[in-house]
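Notes follow the structure.
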Amino acid sequence: MELQAVLMAAGGGSRMTDLTYNTPKAMLPVGNKPLMWYPLNLLEKVGFEEVIVITTKEVQKAMSTDLKIKDVKMKLDVVSIQEDGDMGTADALRHIQPKIKTDILVLSCDLITDVALHEVVDLFRAHNATMAMLMSKAHEFTETVPGQKGKKKTAEQRDFVGVDKSGKRLLFMANEADLEDGLSIRKSIMRKHPRMLIKTGLVDAHLYCLKKAVVDFLTENKSISSIRGELVPYLVRKQFSKTVNSQKLKDDTDDQTQEKNDGPLLISSRDEPLLQLAQERSCWNDHRGDMSEAYHGGKLRCYVHIMDQGLCCRVNTLAAYIEVNRLAPKLFEEPSVHPSADISERCQMGSDSIIGAVCHIADKTSIKRSTIGNFTTVKEKVKVTNSIIMHGVTIEEGCNIQGSVICSNAVIGRGADLKYCLVGNGQHIEPEGKREGELSYQTEQPN
Amino acid sequence: MADSGVIDGPGRKDEIERAKSEGKDLTKEEKQRLRKEKKQQKKIKEKKDDKASQENEKEKKPVTSAAPASQPPTQPTVQKAPSAVPATAPVSVPASEASVPADKPTKTKAELKAERRARQEAERASKQTKKGETGQQAATSKPKAPPSDLQPVVKRLPEHIQVDNPDVLKKLAKKLERQQIPLRSDYGYKVSLFSHLHQYSRKAPLTQQLSIPSTVIHPAIVRLGLQYSHGIVAGSNARSVALLHAFKQVIRDYTTPQNEELSRDLVNKLKPYISFLNQCRPLSASMGNAIKYIKKEISNIPSNCKEDEAKNKLLNCIESYINEKIILAGVAIAKCAIEKQKISDGDVILVYGCSSLVNHILCKAFEKNRKFRVIVVDSRPRLEGKEALRRLVQKGISCTYVLISAVSYILPEVSKVFLGAHALLANGYVMSRVGTSQIALVAKAFNVPVLVCCETYKFCDRVQTDSFVSNELDDPDDLIVTRKGTTPLEGWENESSLGLLNLVYDVTPPDFVDLVITELGMIPCTSVPVVLRVKNVDQ
């Protein structure tokens, strides 16, 4: 077996609590499919047969009832962990370490992409890398987000990513939050790779190919709790640390505790001498201009594949959620109207709208650029533009909904006018209510 | 069909039988032509024969010629025609045979000669029509059909040099489908002289069409294939060592299924892997020899051997093969070269590209305190000489670096030329990186001795006299280079009259090579078949 897939679906969606306070992030509907269906579909298309899904009990229950997830033909090995939120992604990997028998491919449930996965995995295979990851050029979100006053850009922490001139080898990775005194790069890195490109406009897709040795390393180093925040920068730094590159460490003796900790990282495969011989005899080098051998003799290598075309989106903010609802349906060749939906003939439906199962759309409605969830009822003379309506929603007559997100089981009273609002689960908007740019929650007062 | 005589009859029947067996259809024109020729021959004979025999044949002729005349209109499918033709042939042959014995004593030697000549011309004419038809029809005609007309021995051409033959491609596609390996498609316009070879692009790797946790092909082989196609493992020795390393992993992870024998099943398991590696990059001669050795070892495993024992035995065999044929051979060659004063003090040695063996020899000679300097010749697009330069300078050898265009300027300084080889062919030709034959030629012109260093496991019993018949086409996009922000060759695919050619190998004739240093000693180039014969006898 070459790779095992691990899907991290226990995330809480801390950056979009408006949506996730009732529905877990992994089950948020995007284009009428649960969010976690998209990475599962990606894995299935590529040829995986089994996936280990790490999630909470709540999500596990929701998964067992969801039709789309039941459609997935792969074998899903669901591991549930506590919901208290203290477990980071690396802690979760440590938790499932007994199940891991080979190298792993770690995905996050909020990743929606159409990347050719072999690009990332080929880097991992060809260079015998310790880690290979996927990143994408970030795109501006153009839609207005409910609850945001004007076009205020939230101050997202930028990621500084340094790659070599081929654009494949990862040399430097740090988050703005960790660089208080400015960006400093070690001279040893500059000596080995004099040309480094530092990019800030990249989105980390949270798709990592990791060697099995890394998981073993995690079991020994319990201090690392997040893959993205701690493990990846650690591995990137470790590529150039002196202990890794020295010749003597090939037999990984445990002279010092430092070496002992890194021991598992350096074991790549048996028959190391034969691989070494092949590399010696091969007339290939990954760089030119200095006296060192291929890869500068480093055993630890991290690679990145940067996508510049195609869709790659992480749904962890409200803006991303709205954007992805617009784009995701275009990935598939499915009919935009579910066959079981009951749509009257006098309804004006745009071609880029999606209607879910068992919907009732009455006469004289206009639905443009919107997503309507399953079991939703839309009465007459309703105008829905640019909105996302989730499952089980009732929209009474004469409503005008623009640029809004209506969560499951909400009821919008007659004649309501909502612009750029977010209506929470099970909320009622009173008839003739006028809201603009507001978020309604469980709280009693409409705010 | 009318048959004039026994001699002609069987000949015609044979031809028709052959045509029928090869699945060719006789068109109306061809049948008419054959009929005309037969009539002509009959007329020749009729003039010389007795009246009685003539009357006999004339009686038969209208009968039988009427029959075929009515046959074509009545037969809707052409396929029936060949079956009907021999059906009528035996009908008429016994009839004419009855009359022929009466004719035989009347025919003179001249008549027999004339008949034979006429028959030969008729056969030649029908062969030409047949050849014309094979050009038109995309039938199941095999490429060996024309040669088999001329000689009884069937020569089989390897698949990888028949890429412009659609039938061969179809066969290859079928074979790969059976083995569940994706077919890699050719890329770009191929220069016409080399259109019979594969040309792949590095940007379309074979892994695009494989499932990601590869189940059909062992992961070690997928990794190896990727490394071959990206050029990470390049060079004859490196490729063989990496191949054997991957095979070791395959053998380790192998379990014999029920009711199967390891000796037979493991060989069958290895076949799709070898096809896969061949698709990633055509196999080298050294890899081919290594594979032959492993297959032989596997099939020699006795059936009563337990699985673990057998696996250990195989792993040891592989280890010893690498040790003997590659590592120790290299050591022996270096020793031979240094001790027999092939590298003496004050020498100026020219090397081309990056040959692991030549680098090894030079490093060893430097360690033994020989005073020499090296000139490294390099060529685009691979620029492997830079890697050779790095390795030699790291040891402390003083080097000069030139491009191959400067070789005639630098040769007056050179005292010896050391070349590495990818393979040594059975007629003494040396197959090596493209540019080697050029260097050997110029060295010969300057009377500089050329020494080729090659281990015996790279000897192969192929015969080649030119670099066109069998070669490897690398990715043509490698030739595109960007200087000062401009890429002149960008969009070369859109130019209809432009083709990029990136050859990998060429062959050097033995006249230009003075000595071959192998672990068996120093032999002239023409002794390669002797070594091969001795090796075969040993095995």
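Just a few scattered comments:
- Check on B:Lys171, open to solvent by 30 Å² or more (accessible area, probe 1.4 Å), without any contact (Cβ under 8 Å) to a residue 24 or more places away in the chain and either within 14 Å of another protein chain (Cβ to nearest Cβ) or in a helix (DSSP H, G or I) (or both): yes
- A:Gly424 falls short of the stated requirement of being farther than 25 Å from A:Asp66 by Cα, crowded, with 19+ Cβ neighbours inside 10 Å and touching a helix residue (DSSP H, G or I) at 6+ places or on another chain (Cβ under 9 Å).
- Selection of region A:127-142 for residues being farther than 16 Å from A:Lys299 by Cβ and open to solvent by less than 40 Å² (accessible area, probe 1.4 Å) yields A:Met133, A:Leu134, A:Met135, A:Ser136.
- A:Pro335 falls short on exactly one of the conditions (1) over 29 Å from the mean Cα position of the chain (by Cα); (2) exposed (fewer than 15 other Cβ atoms within 10 Å of the Cβ), and that condition is (1).
- Unique residue being small (Gly, Ala, Ser) and touching a residue at least 60 places away in the same chain (Cβ under 8 Å) when the list is B:Ala388, B:Ala332: B:Ala332
Per-residue answers, yes or no, for (1) open to solvent by less than 30 Å² (accessible area, probe 1.4 Å); (2) among the small types (Gly, Ala, Ser); (3) within 13 Å of chain B (Cβ to nearest Cβ); (4) within 15 Å of the chain's Cα centre (by Cα):
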residue: A:His296; (1), (2), (3), (4): yes, no, yes, no
residue: A:Leu300; (1), (2), (3), (4): yes, no, no, no
residue: A:Val304; (1), (2), (3), (4): yes, no, no, no
residue: A:Asp308; (1), (2), (3), (4): no, no, no, no
residue: A:Cys312; (1), (2), (3), (4): yes, no, no, yes
residue: A:Val315; (1), (2), (3), (4): yes, no, no, yes
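- Scan of region B:282-302 for residues that are touching a Lys or Arg at 6+ places or on another chain (Cβ under 9 Å) and either open to solvent by 20 Å² or more (accessible area, probe 1.4 Å) or not in a loop (DSSP other than H, G, I, E, B) (or both), ordered by number: B:Leu283, B:Ala285, B:Ser286, B:Met287, B:Asn289, B:Ala290, B:Tyr293, B:Glu297, B:Ile298, B:Ser299
- Being touching a helix residue (DSSP H, G or I) at 6+ places or on another chain (Cβ under 8 Å), free of Cβ contacts under 8 Å to residues at least 40 places away in the same chain and either of a type in the set (Phe, Trp, Tyr) or not in a helix (DSSP H, G or I) (or both) is a property that B:Ile217 lacks.
- Residue in region A:317-327 that is crowded, with 20+ Cβ neighbours inside 10 Å and in a loop (DSSP other than H, G, I, E, B) present: no
- Single residue of region B:441-493 satisfying the filter (within 30 Å of B:Lys342 (Cβ to Cβ) and among the basic types (Lys, Arg)) that is modelled with the lowest pLDDT: B:Arg462
- If you check B:Asn369, B:Asn447 for being more than 35 Å from the chain's Cα centre (by Cα), loosely packed, with under 15 Cβ neighbours inside 10 Å and without any contact (Cβ under 8 Å) to a residue 40 or more places away in the chain, only one passes: B:Asn369.
- Index of the failed condition, B:Ile375 passing every other in (1) over 28 Å from B:Gly288 (Cβ atoms); (2) open to solvent by less than 40 Å² (accessible area, probe 1.4 Å); (3) within 14 Å of chain A (Cβ to nearest Cβ): (3)
- Residues (part of a loop (DSSP other than H, G, I, E, B) and either open to solvent by 20 Å² or more (accessible area, probe 1.4 Å) or within 14 Å of chain A (Cβ to nearest Cβ) (or both)) located in region B:378-420: B:Ser379, B:Arg380, B:Pro381, B:Arg382, B:Leu383, B:Glu384, B:Gly396, B:Ile397, B:Ser398, B:Ser415
- Tallying residues that are closer than 23 Å to A:Ser14 by Cβ and either at pLDDT below 85 or open to solvent by 70 Å² or more (accessible area, probe 1.4 Å) (or both) within region A:47-65 yields 3.
- All positions within region A:115-143 that are modelled with pLDDT of 90 or more, in contact with a helix residue (DSSP H, G or I) (Cβ under 6 Å, 6 or more places away or on another chain) and of a type in the set (D, E, K, R): A:Asp122, A:Arg125
- Scanning region B:482-514 for residues that are crowded, with 17+ Cβ neighbours inside 10 Å and over 23 Å from B:His198 (Cβ atoms) yields a count of 6.
- Of residues in region A:271-289 being more than 20 Å from A:Ser166 (Cα to Cα) and within 7 Å of another protein chain (Cβ to nearest Cβ), the one most open to solvent (accessible area, probe 1.4 Å): A:Leu275
Yes/no matrix, rows are residues, columns are (1) of a type in the set (Gly, Ala, Ser); (2) at pLDDT 85 or above:
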position	(1), (2)
A:Arg228	no, yes
A:Leu235	no, yes
A:Val244	no, no
A:Asp271	no, no
A:Leu275	no, yes
A:Ala294	yes, yes
A:Cys302	no, yes
A:Ala320	yes, yes
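- In region B:105-122, the count of residues that are outside any helix (DSSP H, G or I), at pLDDT 75 or above, open to solvent by 30 Å² or more (accessible area, probe 1.4 Å) and within 30 Å of B:Thr215 (Cβ to Cβ) is zero.
- For region B:303-320, a residue qualifies if it is within 20 Å of A:Leu274 (Cβ to Cβ) and open to solvent by 20 Å² or more (accessible area, probe 1.4 Å), and the qualifying residues are B:Lys311, B:Asn312, B:Lys313, B:Leu315, B:Asn316, B:Cys317, B:Glu319, B:Ser320.
- Failed criterion for B:Val351 (all others in (1) out of contact with any Ser or Thr (no Cβ under 6 Å at 6 or more places or on another chain); (2) part of a strand (DSSP E or B); (3) more than 14 Å from chain A (Cβ to nearest Cβ) hold): (3)
- When each of B:Ile327, B:Ile318, B:Ile343 is tested for being among the β-branched types (Val, Ile, Thr) and more than 14 Å from every other protein chain (Cβ to nearest Cβ), the lone residue that passes is B:Ile343.
- There is no residue in region A:348-359 that is over 25 Å from A:Tyr321 (Cβ atoms), open to solvent by less than 70 Å² (accessible area, probe 1.4 Å) and not in a strand (DSSP E or B).
- Residue within region A:105-119 that is open to solvent by less than 60 Å² (accessible area, probe 1.4 Å) and without any contact (Cβ under 8 Å) to a residue 40 or more places away in the chain present: yes
- Any hit, region B:221-244, residues being touching a residue at least 40 places away in the same chain (Cβ under 8 Å), under 22 Å from B:Lys175 (Cβ atoms), assigned to a helix (DSSP H, G or I) and open to solvent by 10 Å² or more (accessible area, probe 1.4 Å): yes
- The strands (runs of 3 or more DSSP E) located wholly in region A:365-419 that include 1 or more residues which are among the charged types (D, E, K, R) occupy A:366-368, A:383-385, A:417-419.
The values are calculated or read from the model by the stated rules, or taken from the named source; none is laboratory data. Small disclaimer: the values here were computed from a predicted structure and weren't measured. As a convention, Cβ positions derive from the backbone with ideal geometry for all residues, glycine included, and neighbour counts pool all protein chains shown. Side chains are part of the model used for accessible areas, which takes the heavy atoms of the whole protein and leaves out ligands, DNA and RNA. Shrake-Rupley method; radii C 1.70, N 1.55, O 1.52, S 1.80 Å.
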